[in-house]
Amino acid sequence: MSAVVTGPRIVRAALRSFYRNGWLSVAATAIVTFSLVLVSIFALLLLLGTNVIAAIQNKIDVEIFFKDDAKVADILTVKEQLERNPNAATVKYISKAEALGIYKGQSDRNKRLVEQISEEENPLPASIQVKAKNSDKLDAFSATLESDFAKPLVATRSDKENREIIQRLQRIVGFIRSMGLFVSLTVLTFAVLVVFNTIRIAIFSRREEIEIMRLVGASNAYIRGPFVLEGAFYGIIGTAIALLLVYLLVLAFGPAISSYLRELNEDVPAYFRANLPLILLIQLGTGIGVGVLSSYIAIRRHLRS
């Protein structure tokens, strides 16, 4: 029964302290909001970057282009060797004639010039396209392609370039992760200090009231409750504002980012909405955590003094 009675009192006391502090409460909420916006942006970039890498890896093929004097029988032998590789999902042979047909079908410019190219004067090489099961292990095909049999037949191959692209993207995502962690921790630390000092001022303004409650036998949990709840208010309000700001930023800049990723069919606003529960959970957990932790430390230090 006491919990039912004191619960509303704690909430009212927390709201009263929140409004009483005025501009301090606004400043604390603002810094929490700013922190949550930064954390959300880095989290969204990290999620999007990881998704982009996965999409690119799924699209990457290893293309092997053969010299014009390479015999079809020898190329098919290389194809059979690649098919036996455990990392090969599919292996497709494209002849010179098929390559020319694909090029003609994809060429919208200079159609007259393209139509004049005959199969006898076909400059396009025969090739093999290999779809890897694991694009992180493109080196698995090197043993076959660099063998004494295959190497003289091969003009160019894309496995090394593709591996470098994947590694470069992974380094970018790693940089975003490291930078996001550093910036987020720095800003969150600053937010903890601001909320801590705001609660300390609230405690100082109510020090006589706190002493009276201690004299009449109020428990530390009862005294601590309004201040901890006030810190939670900073996090909840900051989360609501931060979520709105991040969504507005996504609407403003998302289409431009999506245009760069159009080949990967990445719609940033749609991606944000799809991951909204996760982003909201990150924001709410971080915001309330910052507010409650700061408040708890502040009132704990006062009650011990």
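No value in this document is a laboratory result; all are computed from the given coordinates. Since this is a predicted model, take the numbers as computed values, not measurements. Every residue, glycine among them, receives a Cβ derived from its backbone with ideal geometry; neighbour counts consider all protein chains shown.
Using 1/(1 + (r/R0)^6) with R0 = 41 angstrom and r between the beta carbons of residue 98 and residue 169, what's the FRET efficiency to the nearest 0.05?
On the way: r = 31 Å, r/R0 = 0.75.
Computed FRET efficiency for residue 98 and residue 169: 0.85.
Using the Karplus equation 6.51 cos²θ - 1.76 cosθ + 1.60 (θ = phi - 60°), what ³J(HN,Hα) coupling, rounded to whole Hz, does each residue of the stretch 76-90 give in order, writing x for Gly and Pro?
Once rounded to whole Hz, the list reads 5, 5, 4, 4, 5, 5, 5, 5, 7, 6, x, 8, 8, 7, 9.
Which longest run of the chain has no exposed loop site in it, a site being GluC sites (Glu not before Pro) in a DSSP loop with at most 16 other beta carbons within 10 Å, and the site itself not part of the run? Each step should come with its number before you reach the end.
Numbers: sites that count: 119, 120, 121, 146.
The answer is 147-305.
Rg to Rh ratio, the chain, alpha-carbon atoms and Kirkwood radius? Numbers along the way, then the final one.
Details: Rg = 31.3 Å, Rh = 24.5 Å.
Radius of gyration relative to Kirkwood radius: 1.27.
Roughly speaking, what is the stretch gain from residue 267 to residue 252, that is 0.36 nm per residue apart minus the C-alpha to C-alpha distance, in nm to one decimal?
Numbers: separation 15, 0.36 × 15 = 5.40 nm, distance 1.30 nm.
Length gained, residue 267 through residue 252: 4.1 nm.
Under 17 Å from the 7 Å Cα→Cβ point of residue 214, by amide nitrogen: which residues of the stretch 286-305?
Counting only backbone N, you get 296-305.
So if R0 is 41 Å, what FRET efficiency would residue 182 and residue 15 give, r being the distance between their Cβ atoms, rounded to the nearest 0.05?
0.70
May I ask you to derive the FRET efficiency for residue 205 and residue 136 from their Cβ-Cβ distance with R0 = 51 Å, giving the value to the nearest 0.05?
Step by step, r from the Cβ atoms, then E = 0.30.
Taking the highest mean first, how do the peptides 21-32, 288-299, 183-194 order by number of other beta carbon atoms within 10 angstrom per residue?
Order by mean packing, descending: 288-299, 21-32, 183-194.
For the pair residue 55 and residue 73, how long in nm is the line joining their label points, each one 7 Å along Cα→Cβ?
The two pseudo-label positions are separated by 4.6 nm.
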